[in-house]
C-alpha cells in the first residue's frame, strides 16, 4: 500500500529516481514494435502523474512498483495491453482514477484488464475467509476470461514479496500465508514454475525466518561439499550424450528451501536424511532424443526402482512435460534427472506465459497448453453455476493442487483428474450432459458402481440414459469442483421450478377465495398490473414472486388481496357467485383449489417426519417460512400446536387418486426377547411387501420384552394396516402399532 511522505522525508526517493524512470523498463521492450512501445510509454506517463507524491514503505516513489510489475510481465513477453495494465494496476484503487477514464485514455481492453486487477480493499467483509473467497473469485473469473490478468497479478505479488522487508513485520505473516495458500498454487497450476518456486521461497523466508535461516546455512554447507560431485556428474553426462551424437544442454538445479522444509516436516526427516537435494536437467532438441538420453543415462548410472515418471506421454494438468528418473550417482548419492526439449523447458518454467514467449509445436507439446486452458474454462463453467462466493471458493480449492490420476476414454483419449476422483467426476469432466445422465459405468470392461475411485491407466466407459438426472447422494463422494457445482446447480434449479409451480397453485387457490377464477394473463396488456404487484412484493420477476410464495417466504393470501385491490382500481370486480361458493366450501377437505399430493413433488413438498403421513390419512399443509410445503396428518400433535400459533399458514391439501411412489411410516413392534426374533419380524415385513428404511432399538437386552422401532415404506393406509396384521400374527410379537407424535404440555 502507498503512503504520502512530506518533502523533507524524500531524500531516499530522490536517490532512487532512476528506478522510477521509464528507462528501467524500456530496455526490456525490444520485442515490441515502435507503436506498441509508445502505447506503453503513454501508460507510464499517466501512471507516473497519478501516483505523484506517493511513496512506498521503503521511501521509493510509488511508481517503482508498477514499473517492476511491468518489467516482470515483459520477461514473459506479454503484449502491450498487458504491460499498460501492469503500469496502471493500482491507479483505480489508490488514485481515484475511474474505469471510464481508462476507457477514454487507453481503450476498453486495457480498462477491463485493470478493472479485473483492482483489489477489493474498500469493501467490508464479515470474516477473513469471506473476504478471501470474494477477491479470489473476482481474480479467477478475470483470469478465466483473460489469462493475462492472473499473470499481471502474480507479477504484482512477486514484487510485493521481494520488497516485503520494507513493510511492517505485523503484515508479514498474513501476506506470506496468503501467498502460500493462494498465489503459489495458482502459479503452479498455470505452470509458472520459476514464479511458483520464488513465491514459495519468499513466503517461507518471511513466515518462518528462523527455520529459513537454519536451512539456508545447512544447504550452503552441503552445496560446498557437493559442488565437485555435481560438476563431475554434469561432465560425465555431457560426454556420454556427445559421444552418442546428442546436442544436449545440461543444467544443475537445487531443491528449494521450502520444498526441503515441507519434506522434512511431512516425513519427519532430518536435513541429513533428505537425499534428493540436487537434480540435473537435460535439455535436448527433439522428443525422441529425450528417450534416447534416458537410455544412455540408465547405462551410465543405476536407476532407483519405482522412481521413473513419463510426463511427456501423460502431461501434468498444467501442461508440464518431462521424463523424470532418479539415478544413483557417484558416492551413492541419489540424483533426479529431468529430460525435456527446449519447448517443454519453456512451458515448464513459464507455463501459460509460454503462449507469448514461444509458439510451441502442437505435435511436440502434446497439447500441454490446451490442458491449462481447459482448467481456465472449467472455472468459468463453475462460476456460471455458482453465484455464492464462499461456495465458489470451496469448489476451486478442490481443484487447486491436485495430485493427478490419469485415465482413458474408450477412444484412448487421456483425461487427468485429481487423486481420489470418482466415475461421476470423470463423467462431468467429459461433458456436463454425460454427468447429468450417467446411470452406470464400465472400468476396463467390467461394470462398477458410480462412486468407484479412479486408478491410473483405467479405461472408463460411461453409460447414460436420457431420463436420468443427477442424484443428491453424489455430493457425498465427488471430488472435482466442476462435478459438485453442476450437481448442486441442478438440484437448486429443480427446487426452484417445483417451488414456482407450487406458488402458482397457491396463488390461484387464494384468488378463488377472493372471488377471482384465475390470475391475470402474462401478455403485454397485463404487464403494468404485474409491475405494480411486484413493486408491492419487492420481487424482480413474476417467477421469483411465485417461487417465494411456494417457499412460504410470502403469503399467497396477502398477494391475492393486493391483486384484487389493483384489479378493482381498474374496474374488475370479484365474481360474487364464486366468492360465495368458495367461502361455503372453505371448511371442507376438498376445496377446488386444494394442492394435490402424489409423491412426485420431490423438493418443494416435504412429508413431516414427526407423523409421517401416508395416502389415506387426513392431511394438513403447513407453509413453513422458506422451507416450502410441509404435510402433516390432521391428528398430528405437532401440527395442532402449529395451527394454534400460526393458523393462517395452513392450506388445503389432498391425496391424488393414484400416488406414484411409496411413503415412509414409523411403527413400533414389541417382541418377546429371544433368539431369531429380529429375523422373524424382518421376514414378516418382507412378506407384506414393506421395505425397511431404518431400525432402532434400545439397549434392553436383559429385559423380557423389547421395543423395535422401524421406519418402513408402504403404498397407503390400507397397506399399512395389512403390514400391522402380518406382524401381530408373527411368533414372539406382543403388539405392533404406528408411531404418532403425542401432544406435549
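The values are calculated or read from the model by the stated rules, or taken from the named source; none is laboratory data. Treat the numbers as computed from the prediction; the structure is a model and nothing was measured. All Cβ positions, even for glycine, are placed from backbone atoms using ideal geometry, and neighbour counts span all protein chains on display.
The residue that is nearest to residue 505 (Cα to Cα), among those in the range 650-682 that are without any contact (Cβ under 8 Å) to a residue 40 or more places away in the chain and part of a helix (DSSP H, G or I), is 682. The residues listed here are 612, 535, 512, 540; of these, the one that is modelled with pLDDT of 75 or more, assigned by TED's automatic domain parsing to the domain that holds residue 632 and touching a strand residue (DSSP E or B) at 6+ places or on another chain (Cβ under 9 Å) is 612. Residues in the range 144-179 that are within 23 Å of the chain's Cα centre (by Cα), surrounded by fewer than 17 Cβ atoms within 10 Å (Cβ to Cβ) and touching a residue at least 40 places away in the same chain (Cβ under 8 Å): 145 only.
Being on the phi > 0 side of the Ramachandran plot and in contact with a strand residue (DSSP E or B) (Cβ under 8 Å, 6 or more places away or on another chain) narrows it down to one of 59, 96, 53, so name that one. Break it down stepwise before answering.
Working: 59 fails: in contact with a strand residue (DSSP E or B) (Cβ under 8 Å, 6 or more places away or on another chain); 96 fails: in contact with a strand residue (DSSP E or B) (Cβ under 8 Å, 6 or more places away or on another chain).
Criteria check complete, one pass: 53.
Looking for something in a strand (DSSP E or B), surrounded by 15 or more Cβ atoms within 10 Å (Cβ to Cβ) and modelled with pLDDT under 70 - is there at least one such residue anywhere in the range 381-397? Scanning the range 381-397, I find no residue that is in a strand (DSSP E or B), surrounded by 15 or more Cβ atoms within 10 Å (Cβ to Cβ) and modelled with pLDDT under 70, so the answer is no.
Yes/no matrix, rows are residues, columns are (1) more than 18 Å from residue 117 (Cβ to Cβ); (2) outside any helix (DSSP H, G or I); (3) modelled with pLDDT of 85 or more:
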| position | (1), (2), (3) |
| --- | --- |
| 8 | yes, no, no |
| 13 | yes, no, no |
| 35 | yes, no, yes |
| 40 | no, no, yes |
| 45 | yes, no, yes |
| 57 | yes, yes, no |
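Scanning the range 648-664 for residues that are crowded, with 16+ Cβ neighbours inside 10 Å and under 22 Å from residue 513 (Cα atoms) turns up 649, 651, 652, 653, 655.
Just one of 706, 685 is outside any loop (DSSP other than H, G, I, E, B) and more than 15 Å from residue 662 (Cα to Cα); which is it? Every option except 706 fails the conditions. Being at pLDDT 85 or above, crowded, with 18+ Cβ neighbours inside 10 Å and not in a helix (DSSP H, G or I) is a condition met by at least one residue of the range 63-79.
Annotation: of all residues in the range 235-260 being part of a helix (DSSP H, G or I), farther than 20 Å from residue 333 by Cα and in contact with a helix residue (DSSP H, G or I) (Cβ under 8 Å, 6 or more places away or on another chain), the one that is modelled with the highest pLDDT is 241. Exactly one residue out of 621, 599 is closer than 28 Å to residue 493 by Cβ, at pLDDT 85 or above, in contact with a strand residue (DSSP E or B) (Cβ under 9 Å, 6 or more places away or on another chain) and outside the structural domain of residue 696 (by TED's automatic domain parsing), and it is 621.
Rundown of residues vs (1) at pLDDT 90 or above; (2) exposed (fewer than 13 other Cβ atoms within 10 Å of the Cβ), yes/no style:
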| residue | (1), (2) |
| --- | --- |
| 634 | no, no |
| 646 | no, no |
| 670 | yes, no |
| 704 | no, yes |
| 714 | yes, no |
| 723 | yes, no |
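Matching residues to (1) surrounded by fewer than 20 Cβ atoms within 10 Å (Cβ to Cβ); (2) at pLDDT below 85; (3) in contact with a helix residue (DSSP H, G or I) (Cβ under 6 Å, 6 or more places away or on another chain); (4) part of a loop (DSSP other than H, G, I, E, B):
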{"site": "282", "(1), (2), (3), (4)": "no, no, yes, no"}
{"site": "289", "(1), (2), (3), (4)": "no, no, no, no"}
{"site": "297", "(1), (2), (3), (4)": "no, no, no, no"}
{"site": "308", "(1), (2), (3), (4)": "yes, no, no, no"}
{"site": "315", "(1), (2), (3), (4)": "no, yes, yes, yes"}
{"site": "318", "(1), (2), (3), (4)": "no, yes, yes, yes"}
{"site": "326", "(1), (2), (3), (4)": "no, no, no, no"}
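Each row is one residue, and each column tells you yes or no for (1) at pLDDT below 80; (2) out of contact with any strand residue (DSSP E or B) (no Cβ under 7 Å at 6 or more places or on another chain).
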| residue | (1), (2) |
| --- | --- |
| 264 | no, yes |
| 272 | yes, yes |
| 277 | yes, no |
| 343 | no, yes |
